[in-house]
Amino acid sequence: MSEIANKLIHRGYLKTDSIIDAFSEINRAEFVPDKFRVAASSDIPLSIGHGQISPEPSVISFMLELLRPSRGQDILVVGFGGGWVIAMLSFIVGAEGRVISIDTISDLKDETENNINKFNFIARDQIVTLKLIKGSEDISLEEKYDRIIVINPDLWVMYDFMTLLRTDGVMVAPIDNVIYYFNYKGEDEENVEERFDSMRYLPV
């Protein structure tokens, strides 16, 4: 088990076996600039360049536990984030699932591709698709997902991502730096929404 996974288990953040395994197998150090690799196992936010920050691992683990990803699901990741969350979700969904990620930062797309290609199973099983978009008009209305996680908060206002969820799908997103949970119950049912004021996406 990795050092960061062990820390997050003891602090009560990591609880689900598949998410624990993802944290153990997908090393955060592979997704941050070289100068920050030594700090990758610490529970601190790290810059990944291009004005983007990789949040504390405790925040990511909290979001993934809310998301409840599982094998075979189709998951949308809003934001490339260097690829760490994408790779962990790929590990969880396996060859039967798929992970689609969208963002507007072209240079970050190249870096994210290089980072996730360090893990042979992702390319072998063709799990991940990275899509560079310019605006909401580039988001496919035909695609529906079991899970959506937003890791680039700047993209939240671009689109009503709830409309891309399948019935009983779950979305987790930072809105105004606070973590929100959404459960889409269908057109004729009231959706579930929960706000976690104690969990800030990035330090203030």
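Scanning the range 1-34 for residues that are of a type in the set (Val, Ile, Thr) and assigned to a loop (DSSP other than H, G, I, E, B) returns Thr16, Ile26, Val32. Go through the residues of the range 124-144 one by one and say whether even a single one is in a strand (DSSP E or B), touching a strand residue (DSSP E or B) at 6+ places or on another chain (Cβ under 8 Å) and in contact (Cβ under 8 Å) with a residue 60 or more places away in the chain. No: the range 124-144 contains no residue that is in a strand (DSSP E or B), touching a strand residue (DSSP E or B) at 6+ places or on another chain (Cβ under 8 Å) and in contact (Cβ under 8 Å) with a residue 60 or more places away in the chain. Examine the range 111-119 for a residue that is of a type in the set (Asp, Glu), within 15 Å of Gly49 (Cβ to Cβ) and surrounded by 14 or more Cβ atoms within 10 Å (Cβ to Cβ), and state whether such a residue exists. Yes, that holds for at least one residue. The listed residues are Glu30, Glu56, Glu65, and the only one of them that is among the charged types (D, E, K, R) and farther than 18 Å from Ile179 by Cα turns out to be Glu30. Gly94 falls short on exactly one of the conditions (1) in contact with a helix residue (DSSP H, G or I) (Cβ under 9 Å, 6 or more places away or on another chain); (2) closer than 24 Å to Glu137 by Cα, and that condition is (2). Scanning the range 120-142 for residues that are surrounded by 13 or more Cβ atoms within 10 Å (Cβ to Cβ) and acidic (Asp, Glu) turns up Asp125, Asp138. Among the residues of the range 161-182 satisfying the criterion of being more than 16 Å from the chain's Cα centre (by Cα) and at positive phi, which is surrounded by the most Cβ atoms within 10 Å (Cβ to Cβ)? Looking at residues that are more than 16 Å from the chain's Cα centre (by Cα) and at positive phi, I get Asp168. Only one of these conditions is not met by Lys185: (1) of a type in the set (D, E, K, R); (2) under 18 Å from Arg68 (Cβ atoms); (3) modelled with pLDDT of 95 or more. Which number is it? So the condition that Lys185 fails would be (3). Considered as a group, the residues in the range 24-47 that are β-branched (Val, Ile, Thr) and in contact (Cβ under 8 Å) with a residue 40 or more places away in the chain include one that is nearest to Ile9 (Cα to Cα), and that residue is Ile26.
The values are calculated or read from the model by the stated rules, or taken from the named source; none is laboratory data. Values in this document were obtained by computation on a predicted structure and should not be read as measured data. We place every Cβ from the backbone using ideal geometry, glycine too, and count neighbours over all the protein chains shown.
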